[in-house]
């Protein structure tokens, strides 16, 4: 979840490194640093706790220049966020390193190196790696050989960028379990943990595969695979532009991304529906066969993606008639499994590099699942490359840590997948056409709900002094309530919980009073009358309700029940629409409270460590 940028060029690289770090700020971090090899072959370094701008200030006050450099934003895993623990780490001023991931056997390696007389200046697992590389260099290895020897001993996940003052003009990169790309320039090369970091300098990339080590010079690139053999990896041109990660006229990325949802959903649908039905080829050439053979579905995901999976469970079972289980990836990994025959293993991830989800996929491959299917937003990600079937979400870059358009496009892709599976199970053509028609209406409906923003902004004022809140939903709206609670707690730091409305009387009613707002999503579906009864239970206990409801079935507004009506929507696609006002509410509460909306404390965008 940290960010790596490095460059070897004929020009000064410090501005490239700093701009790259700025473009990786969305990933979440607590310190930043850069190291360059200057004209006198000396490694010079700046590090700073806090934002990249603190690092930029240090660079402006005492500039360090060079044509070879590495840079990093760190999210603390070993040791507190301090300058001493910030990257890059160095050993004897001879070699410097940046690292994403976690080295699980760092304590054993530290013990060996300490016994050999090496001192350590930080608490990090990363410093162990750079000291071990220095030890190999002192024994006579060149930089590539040293990195190969050390990475062979590492246990865990890593993406590395390594430079040495003894080999100016050489950058070594290694990848196992954490993403890393090589940017191809003219007489220059770069590495980064995300293509977004390098879009100002190149759009041509080589995606390192698991176990790859890259020997990078200004004018050449050599890649060795996990077995040590030279390999060619394809150069791919990114469709993203340098301004794809800009805020435009919006105050925050989150606001921009909420407003982009109608377009993102439309693009996720484009080319995948025709004449009232879903084209299963959108998931791959074997999709029709594998979906037709599936007899049940196992979904594994984390965070917001997990909530999307919970919605999909209702769809798989009610539309396709397929039993469906949903599990948090970090739990799935650590228990024994009984896999029924012909089960489809479905993973969800915005980045495609979520460590727990990726590990669950890799474990699943040995458990006898019929096939693996990934729904993801990043075409070149590990999750996509390692799955049998893929449905891309086409959300575009999502910078805000709190996911918005990635969630609604995941739901869109999931519903397309469900319809493709249901068709093979005998779904009537007329019913499929009705649901496809409902999908086509979503972009227009989303725009209509986003148009309610001024009213929602006014409602947000009621939450500024609150410390707790309760979200309610029933059926497929219960996961939407969970997602709404997650959004509020992520960016406003207000404690929020979600419950199925029918569970109120089994405990949560004890929390209800005039100081705890209760937010409810109430589309016009088969459960709306039961939901109204649940809301009366809240009102009877003096609770204050905020209800987002369909105009045709909305409860009566009263002094203690505020109602905001949404456009009529098909009950199957209602979860996508009803998540929008909850996103807007969380956003405006956070703005009023003055929190860091796009980079909330303690969180990161792409969770590439366990």
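So, residue 395, is that one at pLDDT below 90 and within 17 Å of the chain's Cα centre (by Cα) or not? Answer is yes for this residue.
So in the stretch 493-519, with the set limited to residues that are within 25 Å of residue 557 (Cβ to Cβ) and under 27 Å from the mean Cα position of the chain (by Cα), which one is surrounded by the fewest Cβ atoms within 10 Å (Cβ to Cβ)? For the stretch 493-519, the residue satisfying everything is 497.
Only residues that are exposed (fewer than 14 other Cβ atoms within 10 Å of the Cβ) and either touching a residue at least 12 places away in the same chain (Cβ under 8 Å) or part of a helix (DSSP H, G or I) (or both): list them for the stretch 29-49, please. Lay out the reasoning, then the answer.
Taking the stretch 29-49 as the starting set, the residues that turn out to be exposed (fewer than 14 other Cβ atoms within 10 Å of the Cβ) are 39-42.
Passing the criteria: 39, 41, 42.
The single condition from (1) closer than 30 Å to residue 415 by Cβ; (2) buried (at least 20 other Cβ atoms within 10 Å of the Cβ); (3) touching a strand residue (DSSP E or B) at 6+ places or on another chain (Cβ under 9 Å) that residue 573 fails is (3). Report yes if some residue within the stretch 219-238 is modelled with pLDDT under 95 and part of a helix (DSSP H, G or I); otherwise report no. No, the conditions are met nowhere in the stretch 219-238. The residues in the stretch 470-507 that are in a helix (DSSP H, G or I), in contact (Cβ under 8 Å) with a residue 12 or more places away in the chain and farther than 28 Å from residue 401 by Cβ can be counted, and the count is 4.
Tell me which of these residue 28 doesn't satisfy, since it passes every other one: (1) out of contact with any helix residue (DSSP H, G or I) (no Cβ under 6 Å at 6 or more places or on another chain); (2) at pLDDT below 90; (3) under 30 Å from residue 139 (Cα atoms). Checking residue 28 against (1) out of contact with any helix residue (DSSP H, G or I) (no Cβ under 6 Å at 6 or more places or on another chain); (2) at pLDDT below 90; (3) under 30 Å from residue 139 (Cα atoms), the one that fails is (3). The residues of the stretch 6-23 that are in contact (Cβ under 8 Å) with a residue 40 or more places away in the chain and part of a helix (DSSP H, G or I), listed by number, are 14, 16, 17, 18, 19, 20, 21, 23. Taking into account only those residues within the stretch 528-553 that are assigned to a loop (DSSP other than H, G, I, E, B) and surrounded by fewer than 20 Cβ atoms within 10 Å (Cβ to Cβ), which is modelled with the lowest pLDDT? The qualifying residue modelled with the lowest pLDDT is 542. Condition first: in a helix (DSSP H, G or I), at pLDDT 85 or above, in contact with a strand residue (DSSP E or B) (Cβ under 8 Å, 6 or more places away or on another chain) and buried (at least 18 other Cβ atoms within 10 Å of the Cβ). Can you find one or more residues in the stretch 582-596 that meet it? So far as the stretch 582-596 goes, yes, one or more of its residues are in a helix (DSSP H, G or I), at pLDDT 85 or above, in contact with a strand residue (DSSP E or B) (Cβ under 8 Å, 6 or more places away or on another chain) and buried (at least 18 other Cβ atoms within 10 Å of the Cβ). One residue stands out among those in the stretch 422-465 that are surrounded by 16 or more Cβ atoms within 10 Å (Cβ to Cβ) and not in a helix (DSSP H, G or I): the one that is modelled with the lowest pLDDT, which is 427. Contact map, the stretch 371-389: residues that are on the phi > 0 side of the Ramachandran plot and in contact (Cβ under 8 Å) with a residue 40 or more places away in the chain paired with residues that are part of a strand (DSSP E or B) and surrounded by 20 or more Cβ atoms within 10 Å (Cβ to Cβ), Cβ distance under 6 Å, separation 6+ or inter-chain. No pairs are found.
For residue 18, indicate whether it is in contact with a strand residue (DSSP E or B) (Cβ under 8 Å, 6 or more places away or on another chain), surrounded by fewer than 24 Cβ atoms within 10 Å (Cβ to Cβ) and modelled with pLDDT of 95 or more. The answer is yes for residue 18.
For residue 481, indicate whether it is surrounded by 16 or more Cβ atoms within 10 Å (Cβ to Cβ), within 30 Å of the chain's Cα centre (by Cα), more than 20 Å from residue 593 (Cβ to Cβ) and at pLDDT below 95.
Judged against the criteria, residue 481 is not a match.
Against the definition (touching a helix residue (DSSP H, G or I) at 6+ places or on another chain (Cβ under 9 Å) and either surrounded by 22 or more Cβ atoms within 10 Å (Cβ to Cβ) or within 28 Å of residue 143 (Cα to Cα) (or both)), how does residue 197 come out, yes or no? Yes, satisfied. The residues listed here are 132, 115, 121; of these, the one that is over 20 Å from residue 224 (Cα atoms) and surrounded by 14 or more Cβ atoms within 10 Å (Cβ to Cβ) is 132.
Residue-by-condition table, conditions (1) part of a helix (DSSP H, G or I); (2) at pLDDT 85 or above; (3) closer than 18 Å to residue 403 by Cα:
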position	(1), (2), (3)
262	yes, yes, yes
281	yes, no, no
285	no, no, no
292	yes, yes, no
299	no, yes, no
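Of the strands (runs of 3 or more DSSP E) entirely within the stretch 320-408, those holding at least 1 residues that are farther than 22 Å from residue 271 by Cα occupy 324-328, 343-349, 371-376.
Residues that are touching a residue at least 24 places away in the same chain (Cβ under 8 Å), surrounded by fewer than 23 Cβ atoms within 10 Å (Cβ to Cβ) and over 19 Å from residue 37 (Cβ atoms) within the stretch 51-91 comprise 51, 56, 75, 76, 77, 78, 79, 80, 81, 82, 83, 84, listed in sequence order. The one condition from (1) over 23 Å from residue 341 (Cβ atoms); (2) part of a loop (DSSP other than H, G, I, E, B) that residue 266 does not meet is (2).
The number of residues in the stretch 33-82 being closer than 23 Å to residue 106 by Cα and at pLDDT below 95 comes to 10. Might you check whether a residue that is buried (at least 18 other Cβ atoms within 10 Å of the Cβ) and touching a strand residue (DSSP E or B) at 6+ places or on another chain (Cβ under 6 Å) occurs anywhere in the stretch 274-283? Within the stretch 274-283 (the criterion being buried (at least 18 other Cβ atoms within 10 Å of the Cβ) and touching a strand residue (DSSP E or B) at 6+ places or on another chain (Cβ under 6 Å)), the answer is yes, since at least one residue qualifies.
The values are calculated or read from the model by the stated rules, or taken from the named source; none is laboratory data. Owing to the predicted nature of the structure, the values given are computational and were not obtained by experimental measurement. Cβ coordinates were reconstructed from backbone atoms using ideal geometry, including for glycine residues, and neighbour counts include every protein chain displayed.
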